[in-house]
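*Asks:* If you scroll down you'll find the structure; I have some questions about it.
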Amino acid sequence: MILKIFLECLVAHLAYSLSQSPILIVVSYDAFRYDFFDTKSVPHMNRLRKLGTYSDYLINVFPTKTFPNHHSIATGLYPDIHGVVGNSYFNKSTNSVVHINYEMFHFDEKVVPIWRQNEDAGKGRHSGVVMWPGGCYPYQGKQVTYCKDYDHNFDWFKRVDLVIGWIKDPKKPANLIMLYFDEPDTDGHIYGINSDVVNKLINKLDNITLYLQQQLEKNNLTGKVTVVHLSDHGMLDVKPPNFINVTQYLTPGTYTYAGSTPVLQFHPKKGFETEVYQKLKNASSQDHFTVYKKEEFLPRWHYKDNPRSPPILVLAEVGYGLDDLIISAKQNAEKNHYKLTNQSTFGVHGYDYTVKEMRPFFMARGPKIKVNHKVPPFNTVDLFNFFCAILEIAPTKNNGSLANVEDIFVGTSGYSLTTILTITAGGIVVSLILISCAAVLTLMMIKRQQSITTTAALNKRFPQTFQTSIEAQHLLEPEDA
Ligand SMILES: *[C@@H]1O[C@H](CO)[C@@H](O)[C@H](O)[C@H]1NC(C)=O
Ligand SMILES: *[C@@H]1O[C@H](CO)[C@@H](O)[C@H](O)[C@H]1NC(C)=O
Ligand SMILES: *[C@@H]1O[C@H](CO)[C@@H](O)[C@H](O)[C@H]1NC(C)=O
Ligand SMILES: *[C@@H]1O[C@H](CO)[C@@H](O)[C@H](O)[C@H]1NC(C)=O
Ligand SMILES: *[C@@H]1O[C@H](CO)[C@@H](O)[C@H](O)[C@H]1NC(C)=O
Ligand SMILES: *[C@@H]1O[C@H](CO)[C@@H](O)[C@H](O)[C@H]1NC(C)=O
Ligand SMILES: *[C@@H]1O[C@H](CO)[C@@H](O)[C@H](O)[C@H]1NC(C)=O
Ligand SMILES: [Zn+2]
């Protein structure tokens, strides 16, 4: 009888407490440039930086666009391996431009993002994805446990509440969260990165950073949860006098292009391969862009070896934009009721990752993370190994290096010491559970009841939507996320 109560208590405890696996929250602020810590009003982010480990910037992947970089963060792979070679690309066999959809994230069925790998690594591991690009599609036929589709208007504070609710879910407590914010990117494209609108949004992100910290604190999660704040790329301003009409150099009907400023993917129609290349190449000698034939793509871009990769790439000089920007600038001005002048500014990203303004940021805080510590800049593709180490799962083959991120962990030898510490801590936790079980049985039942009520309320407030609106949403948004 005593044994029975004891076992029941144990089951109840395990079923109605936090995940027993390490808990990680990855937060992405789209287009948050590495130097905003110095140039914008972000006091809370500056303070948080010192409470953990940060790097001055990250070395992201080419093109420095949203979808390629978010998928590289989630997989540790270069764009030509995971296949997300742009925010859009041209599919030769269907002869159409592909915008964000299922196909974009399924070039290779073997490529599985971190949120799925976490769930596959053991029972009781659950992941939640809030608007992370590609997050709500099934991979190898399986959907992530929690997912909230892209919705620009979904309240930022409620996003955080949703995440906390998933972590505390009595039945399926999440231990990995990928949380995405589409700002300052969205409004940066429309108003420029130094506009009042964007400055305010960045300050609001700073407040959100604090709010997340406060909610963790309130729920006694600070010591248990690792929080990573990062971005996918930076941004710089381009003005109309620097808009280049590239297609004026070509004969209409001889080509198609995909992608967006500053990097356009050109696909000549059959028979016009030489002409299209030659005309662009000739024009580039007296205009502000560079033309690359596939063979000329820089090897360090890791961009060439994929059928989605174009035969010709046009890359605007830093500070210049191309045809699609001529069109979208006009549309943005009309839609948002401002006058388009030569002084108007439009945020742009996508240039080579060696361009300073394209750099993203990184900072992390958590039980295994060094405090008040700075590490040298490392690669976006290294993050996957870092996440796996935090989550204590074996990384699948990837293009990153664990050595580059080892210094972030407490202890000299990073991962191995971390594992030992965690196993020890885990042992202590289990012992404490066993000892305290019988005594706290009553308390547990009360807590359990409260917990259920909270989650029910949350679910009611934020019903999940699956895979319905993301395409439509993005068609309404500027292509250049
Ligand atoms: C092009 O689209 C077809 C049909 O959707 C798909 O089967 C194929 O994998 C796509 N090709 C690439 C390279 O993504
Ligand atoms: C951020 O929080 C501060 C303090 O509550 C507030 O004064 C400020 O208006 C907030 N910023 C934004 C952009 O909401
Ligand atoms: C957090 O811990 C404190 C002290 O142990 C406790 O009083 C409080 O109820 C806990 N809060 C939650 C939300 O679990
Ligand atoms: C805007 O810039 C273009 C290109 O530099 C120039 O030709 C034009 O005169 C400028 N317009 C005004 C109103 O200054
Ligand atoms: C580029 O120039 C061509 C030829 O003058 C013109 O037809 C086309 O509309 C221009 N494109 C844009 C985006 O302005
Ligand atoms: C490119 O420039 C070269 C040298 O000026 C010229 O001979 C050639 O005809 C041009 N090609 C095209 C397609 O305009
Ligand atoms: C990236 O990783 C993939 C998967 O292991 C591998 O096939 C590819 O060769 C790697 N590329 C580079 C440049 O290391
Ligand atoms: Zn982005």
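The values are calculated or read from the model by the stated rules, or taken from the named source; none is laboratory data. The shown structure was predicted, so the numbers you read here are calculated from the model rather than taken from an experiment. Quick reminder, even Gly has a Cβ in these numbers, built from the backbone with ideal geometry, and neighbours come from all protein chains shown.
*Asks:* Looking at the stretch 34-59, which of its residues are touching a strand residue (DSSP E or B) at 6+ places or on another chain (Cβ under 8 Å) and either within 16 Å of ligand 1 (Cβ to nearest atom) or under 20 Å from T354 (Cβ atoms) (or both)?
*Replies:* Hits for the stretch 34-59 are Y34, S55, D56, Y57, L58, I59.
*Asks:* Only one residue in I193, I167, I177 is within 16 Å of ligand 8 (Cβ to nearest atom), surrounded by 23 or more Cβ atoms within 10 Å (Cβ to Cβ) and among the hydrophobic types (A, V, I, L, M, F, W, C). Which one?
*Replies:* I193
*Asks:* While we're here: Residues to consider are G128, G122, G141; find the one that is buried (at least 24 other Cβ atoms within 10 Å of the Cβ), more than 16 Å from ligand 6 (Cβ to nearest atom) and more than 30 Å from K270 (Cα to Cα).
*Replies:* That would be G128, the only listed residue that is buried (at least 24 other Cβ atoms within 10 Å of the Cβ), more than 16 Å from ligand 6 (Cβ to nearest atom) and more than 30 Å from K270 (Cα to Cα).
*Asks:* Turning to a different aspect of this structure: Going by what's in this entry, would T396 be described as under 30 Å from V197 (Cα atoms), part of a loop (DSSP other than H, G, I, E, B) and assigned by the TED database to the domain that holds K224?
*Replies:* So T396 fails the test.
*Asks:* Only one of (1) out of contact with any Phe, Trp or Tyr (no Cβ under 6 Å at 6 or more places or on another chain); (2) in a helix (DSSP H, G or I); (3) small (G, A, S); (4) in contact (Cβ under 8 Å) with a residue 24 or more places away in the chain is not met by A333, so which one is it?
*Replies:* Condition (4) is where A333 drops out.
*Asks:* Just wondering, is there one or more residues in the stretch 318-331 that are away from ligand 8 (no atom under 16 Å from the Cβ), among the hydroxyl-bearing types (S, T, Y) and out of contact with any Ser or Thr (no Cβ under 9 Å at 6 or more places or on another chain)?
*Replies:* no
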